[in-house]
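Structure record follows, encoded as structure tokens.
The values are calculated or read from the model by the stated rules, or taken from the named source; none is laboratory data. What you see is a predicted model; the values in this text were computed from it and never measured. A quick note on method: Cβ atoms are made from the backbone with ideal geometry, for glycine too, and the neighbour counts reach across all protein chains shown. The accessibility values were calculated without ligands, DNA or RNA, using every heavy atom of the protein model including side chains. Shrake-Rupley method; radii C 1.70, N 1.55, O 1.52, S 1.80 Å.
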Amino acid sequence: MKPLLVLAGGYGTRLRPLVSEVPKPLAPVSGKPFLYYLIKNWALQGVKDFRFLLHYEANQIETLLNHLSFLPEFAEIQFRSVVEHKPLGTGGAILNAIESFGISEAFLIANADTWLGSGIKRLSDETSPTIAAVKVPDIKRYGSIDFEDNRVIKFLEKSEISGEGYINSGLCHLLPEIFDDFETGTYFSLEKEIFSKLTSSNQLRVIKLNESFIDIGIPEDYLRFCRWIDSGKSYDI
């Protein structure tokens, strides 16, 4: 299984009314940090090499990772992290990690605020660059993906359209050379600059996943995830 780079450096401002003492990935859920559930789910899918891309309250996340490394359930898991001294955006954070870790082969990317039931193994087996799309009841909050024959044609911005559709799940499979045109330490967006360039050249592939998905970035969805965990995952989220 390829290494998984986890974007975990954001400020989580929309969640502050409910979660203000810890960074968003550490939002408490039934007595454990949200990130614990993500890591456990990823590990069950075969990920053993985790690289965390940190900025805001990085020390708190590193403290959790250190704690998890001593638990028997994560005995075979490797946790590493890199801390950005200034915000670099999603693209800049990934390029910074590529340089810091000396990454020369394909890798996976995921978000530390998003639950996706499964799909890592399937995505890892795909040719890079590929993103995983997931179907949601209403795409208005996220924007959506227009694709044909497993190729992304364009991304539709948030609020442009509503209703059921496929969105970018945040899980993707990339190669280091995709970032060659950018300078390490600069701020840029994976979605707006890297993905748009790949889309315009018809290089960005997509796989469709029918999996449970939730982004805890806003209070109502964070609470929805909490209720789901409290129920013992007794229903489809």
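Points worth noting:
- Solvent-accessible heavy-atom area per residue, rounded to whole Å², over the chain at 1.4 Å: 48
- Rounded, prolate or oblate (a/c below 1.5 giving rounded, otherwise prolate when a/b exceeds b/c) for segment 1-47 by Cα gyration tensor: oblate
- The packing ranking, built from the mean of other Cβ atoms within 10 Å per residue, places the peptides 164-177, 75-88 in the order 164-177, 75-88, highest first.
- Taking a point 7 Å out from the Cα of Lys208 in the direction of its Cβ, the residues of segment 148-185 whose backbone N falls within less than 20 Å of it are 148-157, 161-173.
- Here the 3J(HN,Hα) profile of segment 109-118, calculated from phi with Karplus coefficients 6.51, -1.76 and 1.60 at θ = phi - 60°, is 10, 9, 9, 7, 10, 10, 8, 9, x, 7 Hz, Gly and Pro shown as x.
- For segment 114-237, the dipole from Cβ point charges (+1 on Lys and Arg, -1 on Asp and Glu) about the Cα centre works out to 340 debye, to the nearest 20.
- A Cβ-based charge dipole, computed about the Cα centre of the chain with Lys and Arg at +1 and Asp and Glu at -1, lands at about 460 debye.
- With R₀ fixed at 35 Å, the C-beta to C-beta distance from Asp236 to Glu73 puts the FRET efficiency at about 0.90.
- Reduced Cα scattering model of the chain, Debye log10 I(q)/I(0), q = 0.08, 0.09, 0.14 Å⁻¹: -0.28, -0.35, -0.92
- Cβ charges +1 (Lys, Arg) and -1 (Asp, Glu), total dipole of segment 1-115, debye: 240
- Accessible-area composition of the chain, carbon plus sulfur, in percent [1.4 Å probe]: 47
- Computed over neighbours whose Cβ is under 12 Å from that of Leu64, the net charge equals -1, Lys and Arg +1, Asp and Glu -1.
- Cα centroids of segment 124-188 and segment 1-65: 21 Å apart.
- Sequence-distant lysines (8 or more away, or on other chains) whose Cα lies within less than 18 Å of Lys121: Lys2, Lys40, Lys48, Lys208
- Segment 31-74: C-alpha gyration tensor shape, a/c 1.5 cut-off, then a/b vs b/c: prolate
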